[in-house]
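Reading through the structure tokens given below for one structure.
The values are calculated or read from the model by the stated rules, or taken from the named source; none is laboratory data. Nothing here was measured: the structure is a model prediction, and the numbers come from that model. Cβ: placed from backbone, ideal geometry, glycine included. Neighbour counts: every protein chain shown.
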Amino acid sequence: MIYRVRHITHYEYEKPVTLSYNRAYLLPRNTTYQHCMSSTINISPGDTAGQERYDYFGNRVYFFSLELPHNELIIDISSDIQIKEKKYGLEGKLNFDQGVTCSQALQALHQGGDAALLDAREFVLDSPMIISSAGLREYAAVSFHFKRTLLSAVRELNQRIYADFTYDPESTIIATPLAEVLLNKRGVCQDFAQLAIGCLRSLGFPARYISGYLETFPPPGQEKMLGSGASHAWFSVYIPGEGWFEFDPTNNNIPAEHHITTAWGRDYGDVSPLRGVFFDGGKNQKLNVSVDVSRIETD
């Protein structure tokens, strides 16, 4: 499967911006299951200085600056991504009752010394947007028993978040604390991913935040509208001896060929799609984001 993802971000400013510095996490990374074949970056106005780099987690980051006055900023990025093979994520091929138990996983994380375990341990620690708490631990503990397989426990946690929480774009902002999300039982994909991560870390299990795209489908009988694709967020948990396994609590599934990974980190703050500073521009600005995820080749 080959996808083409086009992500357009359009800022309009009340007054001219005289100078801006920006960081974009909009270039899909290569993983075991996907390969970014090409990416095209177009920024308007065109007098920009830019450079692609890799961050601490191996994500592709594009830094750019605009040093001439401008009334608007358009970042238009198009990437072709090949999904190499169907993931383990197809539930029919994944036995949730096999593998290490919760108790065995914690023991391995505390005592193991191989490189993969050492790398995973940093994802047990608190991060700026995800702080372990008694409330998260209490919510998660219902699903986690010492003799239960970790994979089965995480699947149940994923299912419970989907069942217990309501998707509501008006209920939260980026800075909404997890305690508030847990109390109100409402949020969006970023909230649900970070909630699951907070639950897992509160119990001592490594979990990381994944940012990317999800292929969406129109209602039956309707054509897909351009720009109707979606940025998305989900999480992965480290299973000692097996590696990282992804879960999507917003849709109650395990990411397979419809999920396209852009970047991963400790929380949303590590991989927010676009961040920067600008000078002047007035008090008000308008933002419009358009995402299109389309198949250009199928198996």
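A few notes on this one:
- Subset of region 52-70 [assigned to a strand (DSSP E or B) and under 21 Å from Ser211 (Cα atoms)]: Glu52, Arg53, Tyr54, Arg60, Val61, Tyr62, Phe63, Phe64
- Ser103 surrounded by fewer than 17 Cβ atoms within 10 Å (Cβ to Cβ), assigned to a helix (DSSP H, G or I), on the phi < 0 side of the Ramachandran plot and not β-branched (Val, Ile, Thr): yes
- Selected residue (only one of Arg160, Arg155 is surrounded by 15 or more Cβ atoms within 10 Å (Cβ to Cβ), out of contact with any Gly (no Cβ under 7 Å at 6 or more places or on another chain), among the charged types (D, E, K, R) and free of Cβ contacts under 8 Å to residues at least 40 places away in the same chain): Arg160
- Subset of region 143-152 [touching a residue at least 24 places away in the same chain (Cβ under 8 Å) and not charged (D, E, K, R)]: Phe144, His145, Phe146, Thr149, Leu150, Leu151, Ser152
- Residue check for Tyr213: surrounded by 16 or more Cβ atoms within 10 Å (Cβ to Cβ) and within 20 Å of Asp119 (Cα to Cα): no
- Pick from region 243-299, criterion of a type in the set (Asp, Glu) and under 21 Å from the mean Cα position of the chain (by Cα), ranking: surrounded by the most Cβ atoms within 10 Å (Cβ to Cβ): Asp248
- Filtering Asn22, Asn30 for residues that are modelled with pLDDT of 95 or more and crowded, with 16+ Cβ neighbours inside 10 Å leaves a single hit, Asn22.
- Contact map, region 38-58: residues that are in the same structural domain as Ala24 (by TED's automatic domain parsing) and under 17 Å from His7 (Cα atoms) paired with residues that are modelled with pLDDT of 95 or more and of a type in the set (A, V, I, L, M, F, W, C), Cβ distance under 6 Å, separation 6+ or inter-chain. Pairs shown: Ser39/Leu27; Ile41/Ile77; Ile43/Ile75; Ser44/Ile74.
- Residue, nearest to Pro255 (Cα to Cα), within region 31-47, restricted to residues that are of a type in the set (Ser, Thr, Tyr), out of contact with any Ser or Thr (no Cβ under 6 Å at 6 or more places or on another chain) and assigned to a strand (DSSP E or B): Ser38
- Selection within region 97-140 - modelled with pLDDT under 90 and within 23 Å of Asn253 (Cα to Cα): Asp97, Gln98
- Checking each residue in region 245-278 for being more than 22 Å from Ile131 (Cβ to Cβ), in a strand (DSSP E or B) and not aliphatic (A, V, I, L, M) picks out Phe245, Glu246, Asp248, Asn253, His259, Thr261, Thr262, Gly276, Phe278.
- Meets criteria (touching a helix residue (DSSP H, G or I) at 6+ places or on another chain (Cβ under 6 Å), assigned by TED's automatic domain parsing to the domain that holds Ser127 and among the hydroxyl-bearing types (Ser, Thr, Tyr)) for Thr250: yes
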